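All remarks here apply to the structure that follows.
The values are calculated or read from the model by the stated rules, or taken from the named source; none is laboratory data. Just so you know, these numbers come straight off a predicted model, no measurement behind them. Every residue, glycine as well, gets a Cβ built from its backbone with ideal geometry; the counts of neighbours run over all protein chains shown. What goes into the accessible areas is simple: the full protein's heavy atoms, side chains included, and nothing from ligands, DNA or RNA. Shrake-Rupley method; radii C 1.70, N 1.55, O 1.52, S 1.80 Å.
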Amino acid sequence: MSWTARVLTLFPEMFPGPLGHSLAGRALKRGDWALEPIDLRYFATDRHRSVDDAPFGGGAGMVMRADVIDAALEAKSLPDAPQIVLTPRGRPLTQRRVAELAAGPGVVLVCGRYEGIDQRVIEARGLEEISIGDYVLSGGEPAAMVLLDACVRLLPGVMGAAESVLEESFSQGLLEYPHYTRPALWKGRAVPEVLISGNHAEIAAWRRREAERITRERRPDLWAAYRALAEAAPTA
Ligand code: 6GU
């Protein structure tokens with residue numbers, strides 16, 4: 001069985017969307033992973049096929065019904081696969097969690113609408129809540145696509161030898177250093193001399209310095225974590 005993503009959503013027609021293109025799309029066509037969008041409305045039981053209702057306590061928006069999500073998860077679980085709700089109130093998605101998910105059998109994703117899902121089904125099923133960042137999307141579907149793209153590129157055989165996952169600066173806790181390609185001079189801007197020197201040790205050192213500078217400037221949070229790690233293991 002290949003790595004499988006079951007996506008429970010009110011908008012199954014949104015998939016594969018961007019996941020049908022480029023690296024993830026080619027991997028999908030090869031069978032390196034499988035994508036199964038599942039229409040949550042199929043699991044509605046009342047005459048009107050309702051999947052959401054007004055919140056107890058009042059307030060704006062609608063809440064997804066516990067019974068509908070529960071029935072969908074009962075029917076569509078995958079053995080040993082984590083069950084995840086995409087929601088802006090979740091724990092932030094990290095490359096570490098992405099790598100763990102990619103190393104497992106797959107994922108079952110529930111795409112929430114912004115107002116949310118009845119808390120009782122989250123607790124009853126032990127659902128993991130994940131967010132992809134500090135901004136609000138109108139639904140969890142684009143977030144599910146982001147999570148899946150990040151996982152799929154780590155699956156065995158998906159990424160070419162050209163892009164080594166281990167050498168990615170992000171997996172070392174830094175942002176990427178700047179990249180350049182031909183021409184060597186463009187609109188009066190030259191490529192940094194060291195990159196055409198042929199001195200691989202100097203190139204590696206320059207890239208490390210630039211990655212560190214950019215991380216320090218843009219992401220004090222990542223920089224602090226990186227420094228703390230360097231303190232504990234100075235060769236990293
Ligand atoms: Cl996972 N869902 C929604 N609706 N908005 C988000 C998000 C998820 N992550 C960040 N914003």
Next item on the list: Using the charge dipole of region 1-72 (Lys, Arg: +1 at Cβ; Asp, Glu: -1 at Cβ; taken about the Cα centre), state which of TRP33, SER22, PRO55 has its Cα farthest towards the positive end.
Entry: SER22
Check: How long is the gain from ARG189 to VAL165 if the chain were fully straight, where each residue apart is worth 0.36 nm and the alpha carbon distance is subtracted?
Finding: 5.6 nm
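Sort 212-224, 97-109, 49-61 by packing, meaning the average of other beta carbons within 10 Å per residue, with the highest value first.
Going by the mean number of other Cβ atoms within 10 Å, highest first, we get 97-109, 212-224, 49-61.
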Checklist line | DSSP bridge orientation in the chain - percent antiparallel, rounded to nearest 5 | finding: 20
Next item on the list: With only Lys, Arg, Asp and Glu charged, each at its Cβ (+1 for the first two, -1 for the last two), find how big the charge dipole of region 90-139 is about the Cα centre; round to the nearest 20 debye.
Entry: 120
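Relative contact order for the chain: what percent, with Cα pairs under 8 Å and sequence separation of 6 or more?
So the answer I get is 18 percent.
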Check: Heavy-atom accessible area per residue, the chain, 1.4 Å probe: how many Å²?
Finding: 60
Note to self: Of LEU10, ILE196, GLN172, which is farthest towards the positive pole of the chain's charge dipole, taken about the Cα centre with +1 and -1 on the beta-carbons of Lys, Arg and Asp, Glu respectively?
What the structure shows: ILE196
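Per the helix-only calculation at 222 nm, which mean residue ellipticity applies to the chain, given -39500 (n - 2.57) for every DSSP H run of n ≥ 4 and division by its residues, nearest 500 deg cm²/dmol?
Taking each H run of at least 4 residues, the total per residue is -10000 deg cm²/dmol.
When the dipole is taken about the Cα centre of region 163-236, and only Lys, Arg (+1) and Asp, Glu (-1) are charged at their Cβ, what size is it in debye, to the nearest 20?
For this selection, approximately 340 debye.
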Check: Given H placed on each backbone N at 1.01 Å, which residues far from VAL107 in sequence or on other chains put an amide H within less than 5 Å of it?
Finding: THR4, ALA5, ARG6
Notebook entry, point to check: How much of the accessible area of the chain, probe 1.4 Å, is carbon plus sulfur, in whole percent?
Noted result: 54
Check: Size of the dipole of region 61-220 about the Cα centre, Lys and Arg at +1 and Asp and Glu at -1 on the beta carbon, nothing else charged, in debye to 20?
Finding: 620
